[in-house]
Each structure stands twice: as structure tokens, then as C-alpha cells.
Amino acid sequence: MDTVRVRAPELSGAGGWVGTPSPLSLAALRGKVVLLDFWTFCCANCLHVIEELRPLEHEFADVLVVVGVHSPKFAHEADHDAVVAAVERYDVRHPVLDDPGLTMWRQYAVRAWPTLVLVDPEGYVVAQASGEGHAAGLAEVIRDLVATHEAKGTLRRGDAPYVPPPAAETPLRFPGKAIDTPLGLLVSDTGHRSVVLLDDDGGVVRRYDGFREPQGLCLLPDGGVAVADTSAHVVRRLDLTTGEVTVLAGTGEQLRAAPFSGPALAQPLSSPWDLAWYDGRLVIAMAGIHQLWAYDGETVGVIAGTAAEGLRDGPAETAYLAQPSGLSVGADRLWFADSETSALRWYCDGEVGTAVGHGLFDFGHVDGPAADALLQHPLGVLARADGTVLVCDTYNGALRSYDPAAGTVSTLATGLAEPSDAVERGGEVWVVESAGHTVSRPLMRAETVDGEARQTQRPATDVRPGAVRLTVAFEPPRGQHLDDSFGPATRLAVSASPPELLRKGGGTEPGLTRDLLLAEGHEAGVLHVTAWAATCDDEGEHPACHLTTQDWGIPVRLVPEGDDVLSLPLRGLG
């Protein structure tokens, strides 16, 4: 029987386009292989995929058109100007459709960020995959499509429709983090791929090059500065006197699988975002794999987080983190901004706790008792001598204050352009306004904001209460096989919000199928699923190994007529 071919829904989105002078349509792109990348700019995994696609865009430049479909998770990400800024910030070199209403998300039945959909030159969907690690498999499918449609006469070669935006000139470009040093304020000038020393008026005194995407900074006991070079997946050391840059940890390759520890210069890292000197070690906020790591001068390894994305407190080895992006050392603990859960959290003596925040899909701008307060994707945190903790509430454009003694949250300043870090110098608080391309000293005045509590809005899946079978579909790319050399080739981690929704089937176990028991008496909730699949090449003297991974947060409604099978696509690439 012939396989049923599915026509790809046409491109549409109320936000308009970035990177192309006129709207695109699949009809006008007939003859091209089209790859749709559903992403959102808060998501580190999405940023990894943008990097993974660059070699494909180069290899197939005259036949492949990549179209980013920006599908926001947070309210701030639905702002078109913020999308335009993110496209520049992350050097996205293909057209992006801004879809704030998730129109395309619904039409293509997408369930997770990131998701890739491949469309052939005749306009039919031929493949879909979620998560990272699909570049090699995609390349094989694209080669097949090119050969097939060139033979049929349905392939059209030529330039892609991407038009780069004009380059902007500012002294700083998307700065990320800052620290105080004896020489002055040191700032990671992320957009310029450098680190800069500022004077007390904010002027650039000296620029240090040798970085790809510098973010977090930390003054080391020996006087050097550690720099988290995020997209390079390394931690470097900068000598402020000589300007020499060396590597402390990381190989330059992105970590995709265990082990989560090893010799510092032989151990891959995954998007290190911030750094802090705590308990005699350099702690690394490993945003790309949802963990905290530590470097002791010789080795580097995980100290908190399982690599599953979520918010779960308790012993550090079983805690769930979600893209930790800011660190600051307090009097009795290490504070961190857990951006994807919109949370302020802490680590101390092998334990992880939460001061402010509720979960992956709850956010807002609400002050008052910490148990009720809400943030929106914070990236920076500053523990102060008086015991309070400042939070750079990035997507709310605000500087917030958490008072542990009173158990309350207040707002100190608003109207900031994506604040990503704060630092004290000379008795003043300086704030890095990343989207404003500046470091400012805002006027601070405590106030109480009673804003809106919000949740990420996505279509819910109807499932029945009781027994539900979860299946994750995965087919190894041609020329690869599942590999269990370092443990089970496939794994699932499953949890739920609220936790009592899931009566059976939680935890991390081998395999890509799980029998769940969903508690009756709940109308709705979110199932959190992380899948891993390890593969290796079939041939070659030193065959390469690969890890495909994806996190899903699936909103579900429990109704008697709902499905008793929940299927998620990890990889279905022809």
C-alpha cells in the first residue's frame, strides 16, 4: 500500500517576518527542501539546534531553505521587537516567522521546543523530530530528497530568501554578565564576542578578545577571571594584565551524554552560563543540561541536578533544575536563577531548595509573600550583605528583591531592557540591561506590584484518568544503531505537576515505553517527560556516537473519553 502523503500547512503568523523583505509561502518555495524549526528564544535546547543547523545550511545552501517558526513560551517572547532582537543576538541566518498566537504550532501538531519538520520540494511533510542531535540524520534525508527530486525535475536550485539585517553599532552589544574587580567593572560584551573593562562612567577602558559567546564571569583566587564561553561549551581563564586567554574546562564539544564528570580538559560541557566561587570551587551554572557543576582545578563534574528539566527540591543528586542561568554567593548558601521555572533557588550542603517559583509553566509579575510571588524567566541574581537577594527578572524588565527574613518579594525598578545581571560597586547597584546594550545604575524604590499570574498557553491533550501508556517514537538514522556501551541505549524520565497527578510510572528508567497511572479527581496538569536515545555509526574505524534527547511538558486534561495512549515523536526521519 502506498504511504499517505500529508500536505504541509501553509505558513502563517500574526507577528510577521524577520530576515526577509517579504512574507514567504510554501507555495512560492516549491522546488526547495524546506526545514521548519519551531523554537523560542528562552530555550537553550533551541539555541543548540540553531547551531546544529548551520552546517546543513552551508552544505545545502542552494537547495535548502530553513525557516524558523518562533513559537513563544513566555509573554515577553510574544513581543515582535523582542523576537527581532533575539534573531540578531543569536545570529540566526535564515528567515524567521513570528507566530505569537502559536498558529503554526497547532497546524503542525507540535508538542515541544525545539521541533523540526522537513518538507519536500513538492510541499509534503516527510519527517518530524523533537529535541537536539538530529543534524546527521537530517543530512541523509536531505541528500535523498535532492537526488530524488533532481531526477524527477522537481528540484529548484538557487539562492535562499534570507536577507541579513543591517549591522548596528553600539559600544556594548547584548552584554550578559558583570563583576566588580580591582581594575573596574568587568562586563561580558556577548554580542561583540569580547569581555570589556569599564570606568565608573560606563566607558570602555579595555577590550579582551578570544571568546565566542562570553556570559558568566568570576574573579578567581589567583587574580585571574573565569569566563563562561557559552556556545563554545568551555570555561576560559582571562588574565586581566596580559590579556592571555586559556581554557580551564571543556573540550569545545557539547556534552550530550553521561559521564557528567571527568578531567577538566577532557570533559565536554553544555552551555555554561554563569560562574561563582563557592565552597573552595568554581561552580558552573550548566544551563544546557539543567545542572550545577563544580571545577576544582583538575576535574569538573555535576553537584546538583539529574539533567531532567523541572522544579524538584531535595537532595542535590535527585533535584530537577531548569536552565540555571545566574549565580551569587550568599552568607550561608549559593543562590541561583532557574530561568525556565521562573524561580529563585538555592544550593547548600548537598540540598536544593526554592525560595520563589512554582514550575515550568507558571510565571507573572506578582509581589508579596514569596509563596505567592511570580517571576518571568530571570537570568541574574545578586546576594547582598544585608541578606536580601536581588533578582534580575529578565522578561518582566524588572529588578526584584527577595527578603528571606520577611519571606517577601518586592519590585525595586521597572522598565529595564531584559536585565540579565546585577553587581555592586562603590555602594551602587549596576544592572546589565542586555537588550538595551548598556550597564545602568537604576533608581531603586521598593514597591509592591500585584500583576497577573500567567501560565504558558498551549493546546492540552485529552487523556483518560487511570491507565495510560506513554510511548516515545524513535528510529535511528540510516547508518546508525542503538548503542548500550555506556548503559541502556534509551531512557525515559517522567514526572508531573502537580506531583499527585501521577500515581504510578514516575522516575527514570530504561526504555521508551512507560505505563502510567493518572489519578482520578484531577481535571488537568502537566506531564514532564525527558527521553534519551544513544546511537553509534555502523561503520568506520572510530565510529562516532550520538545522543538524541528531548524534554516535553505536555499539558493534559483528564476526561473519560480521552486517549489511553500518549505518543510523542523523538525521531521519525525517513
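Only the coordinates and a few stated rules stand behind these numbers; no lab work does. All values reported here derive from a predicted model rather than from experimental measurement. Counting neighbours? That spans all protein chains shown, and the Cβs are built from the backbone with ideal geometry, glycine included.
For the chain, a simple Cβ point-charge model (Lys and Arg +1, Asp and Glu -1, everything else neutral) yields a dipole of about 880 debye relative to the Cα centre.
Rg/Rh for the chain (Cα atoms only, Rh after Kirkwood) is 0.96. Once backbone amide H atoms are built at 1.01 Å from N, Leu185 has Leu198 as its partners under 5 Å, excluding neighbours fewer than 5 places away on the same chain. For Lys152, the lysines whose Cα falls under 18 Å of its own Cα, not counting residues fewer than eight places away in the same chain, are Lys32. Dividing the mean sequence gap of close Cα pairs (under 8 Å, 6+ apart) by how many residues the chain holds gives a relative contact order of 10 percent. What shape does the range 203-267 have by the C-alpha gyration tensor, where a ≥ b ≥ c are the square roots of the eigenvalues, rounded means a/c under 1.5, and otherwise prolate means a/b greater than b/c and oblate the rest? The shape class here is prolate. Helix content alone sets the calculated 222 nm mean residue ellipticity of the chain: runs of n ≥ 4 DSSP H residues at -39500 (n - 2.57) each, divided across all residues, give -2500 deg cm²/dmol. Ordering Val283, Phe174, Tyr295 by the projection of their Cα atoms onto the charge dipole of the chain, which places +1 on the Cβ of Lys and Arg and -1 on the Cβ of Asp and Glu, puts Phe174 at the extreme positive end. Close amide H contacts of Arg156 (hydrogens built in the peptide plane, cut-off under 5 Å, sequence separation of 5 or more or a different chain): Lys32.
Any chance you could tell me what percent of the C-alpha pair distances in the range 78-133 go past 17 Å? Taking all Cα-Cα pairs of the range 78-133, the fraction more than 17 Å apart is 53 percent. When peptides 401-412, 508-519, 367-378 are sorted by average Cβ neighbour count within 10 Å, with the highest value leading, the order is 367-378, 401-412, 508-519. Basic side chains Lys and Arg get +1 at the Cβ, acidic Asp and Glu get -1 at the Cβ, and with that the dipole of the range 446-512 about its Cα centre reaches some 360 debye. Applying the Karplus relation 6.51 cos²θ - 1.76 cosθ + 1.60 with θ = phi - 60° to the range 531-539 yields 3J(HN,Hα) values of 10, 10, 9, 9, 9, 9, 5, 6, 10 Hz, where x marks Gly and Pro. By other beta-carbon atoms within 10 Å, ranking Ser25, Ser270 with the fewest at the front produces Ser25, Ser270. Of Ile50, Tyr108, Trp17, which is farthest on the positive side of the dipole of the range 11-137, counting Cα position, with +1 on Lys and Arg Cβ, -1 on Asp and Glu Cβ, and the Cα centre as origin? Highest projection toward the positive end goes to Tyr108. Cα extents for the range 36-137 along the principal axes, largest to smallest and rounded to whole angstrom: 33, 27, 22.
In this Cβ point-charge picture (+1 for Lys and Arg, -1 for Asp and Glu), the range 257-455 has a dipole of about 240 debye about its Cα centre. Packing order of peptides 175-181, 501-507, 420-426, 68-74, highest average first: 68-74, 175-181, 420-426, 501-507 (average count of other Cβ atoms within 10 Å over each peptide's residues).
Taken over the range 257-455, the percentage of Cα pairs per 10 Å bin, counting from 0 up to the bin with the maximum distance, is 10, 38, 35, 14, 2. Each principal axis of the Cα cloud of the range 411-489 was taken in turn, and the coordinate range along them, longest first, works out to 58, 37, 22 Å. The value given for the range 460-574 is a Kirkwood hydrodynamic radius of 15.0 Å, derived from the mean inverse Cα-Cα separation.
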